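Participant: Take this structure, written in structure tokens, and hold onto it; I'll ask about it next.
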Amino acid sequence: MARLTARKRHFAAAAVSVLALAATIPGCVAMATEDSGTGEHTRDAAKAAHDTSPSPSLSPSASPSAPERVSAEITHESDTPGKAVNLTIDDGPQPIWTQKVLDVLKKYGAKATFCIIGSQAKEYPDLVRKVVAAGHRLCDHSVDHNTEMDKRSDSYQQQQILDARKEIQDAAGPDAKVLYYRAPGGAFTPYSREVAASHGMRPLGWNVDTRDWTNPGTQKILDTAEHELHEGPTVLFHDGGGNRSQTVAALDQFLPWLKSQGYVFGYPKI
Ligand SMILES: [Zn+2]
């Protein structure tokens with residue numbers, strides 16, 4: 001029950017935080033400037049005003065296998081030129097829906113980036129390995145999916161990001177790479193982006209929120225995905241957080257539609 005409550009908060013927060021992300025998307029500046037007080041820019045300013053203490057060390061461990069630092073800017077672009085779509089699948093793994101999403105991706109030869117909740121990776125490691133085995137990419141989506149983690153201490157944010165990374169890595173195996181970090185509900189902070197980037201994980205935004213998590217109906221999810229694709233290539237779906245049958249059904253129509261329109265599947269640019 002507590003989880004459901006937390007999730008409802010997440011979705012309310014997500015609606016707001018998409019504006020924060022929009023602030024980083026060219027063409028969405030007008031929309032973002034209407035967002036007074038909730039965007040990351042505002043959060044940044046507020047944080048900078050009071051937070052004068054040095055940040056905890058952001059250096060990756062001294063291990064020779066520590067990943068190289070990447071940009072801390074939120075990425076939305078595709079690494080694939082031309083008409084490309086970056087499918088992103090959030091909030092799993094989940095025993096029923098992750099498998100069904102994997103099946104529909106395989107049906108159309110589509111690749112995706114899975115933003116994985118650390119605690120669920122720990123619970124369902126086999127599913128994380130299936131995601132990797134199918135050639136999809138991994139994204140850290142924090143340990144607990146606290147959509148208000150941007151209001152918490154630096155040490156809390158660091159723990160949520162790095163513990164999740166370890167849980168996902170432990171589940172996926174040593175050869176897999178966790179290449180991105182997406183804050184739950186888009187609740188990024190400059191600090192959390194820096195933690196992720198310094199550990200080789202590019203902060204990951206989105207351009208199109210299909211709002212599949214509201215279960216608006218398969219057709220509505222499909223319409224949103226198709227009509228908002230002009231916003232940019234990175235599209236957000238979910239395999240966790242509830243019954244995702246509408247998501248699976250929508251993907252089963254969206255993926256062949258994309259192919260019929262000449263789109264190819266890419267990954268977010270690192
Ligand atoms: Zn999420």
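Participant: Could you please report the charge total around residue 220, scoring K, R as +1 and D, E as -1 over all other residues with beta-carbon less than 14 angstrom from its beta-carbon?
Facilitator: Numbers: positive: 211; negative: 209, 212, 223, 226, 228.
With Lys, Arg at +1 and Asp, Glu at -1, the net is -4.
Participant: I've got another one for you. Among residues other than residue 130 whose Cβ falls under 11 Å from its Cβ, what is the net charge (Lys/Arg +1, Asp/Glu -1)?
Facilitator: Details: positive: 106, 129; negative: 103, 126.
The answer is 0.
Participant: Tell me, 68, 73 in order of fewest to most beta-carbon neighbours within 10 Å?
Facilitator: So the ranking, lowest neighbour count to highest, is 68, 73.
Participant: If r is the Cβ-Cβ distance from residue 219 to residue 69 and R0 is 41 Å, what FRET efficiency results, to the nearest 0.05?
Facilitator: On the way: r = 43 Å, r/R0 = 1.06.
Working from the Cβ atoms, E equals 0.40.
Participant: Taking the Cα centre of each part, how many Å lie between region 136-190 and region 71-130?
Facilitator: Measuring centre to centre over Cα atoms gives 14 Å.
Participant: By count of other Cβ within 10 Å, fewest leading, how are 124, 191, 267, 108 ordered? Could the numbers behind the result be given before it?
Facilitator: On the way: 124 18, 191 21, 267 24, 108 15.
Going from sparsest to densest Cβ surroundings: 108, 124, 191, 267.
Participant: Same structure again: Add +1 for every Lys or Arg and -1 for every Asp or Glu among the other residues with Cβ under 13 Å from the Cβ of residue 103, and state the total. If you can, show how the numbers build up before the last one.
Facilitator: Working: positive: 100, 106, 107, 130, 244; negative: 239, 252.
Once all neighbours under 13 Å are counted, the net charge is +3.
Participant: Here is a follow-up. Under 5 Å between amide hydrogens, which residues at least 5 positions from residue 80 or on another chain qualify, with H placed 1.01 Å from N in the peptide plane?
Facilitator: The list, which skips near neighbours in sequence, is 267.
Participant: Find the relative contact order for region 57-167 and round it to a whole percent, using C-alpha pairs within less than 8 Å whose residues are 6+ positions apart. Walk me through the numbers on the way to the answer.
Facilitator: Details: 121 pairs, mean separation 24.7, N = 111.
Dividing the mean separation by the residue count of region 57-167 yields 22 percent.
Values in this text are rule-based calculations from the coordinates and carry no lab data. Being a predicted model, the structure only gives us computed values, none of them experimental. Ideal geometry is used to build each Cβ from the backbone, glycine not excepted, and the neighbour counts take in all protein chains shown.
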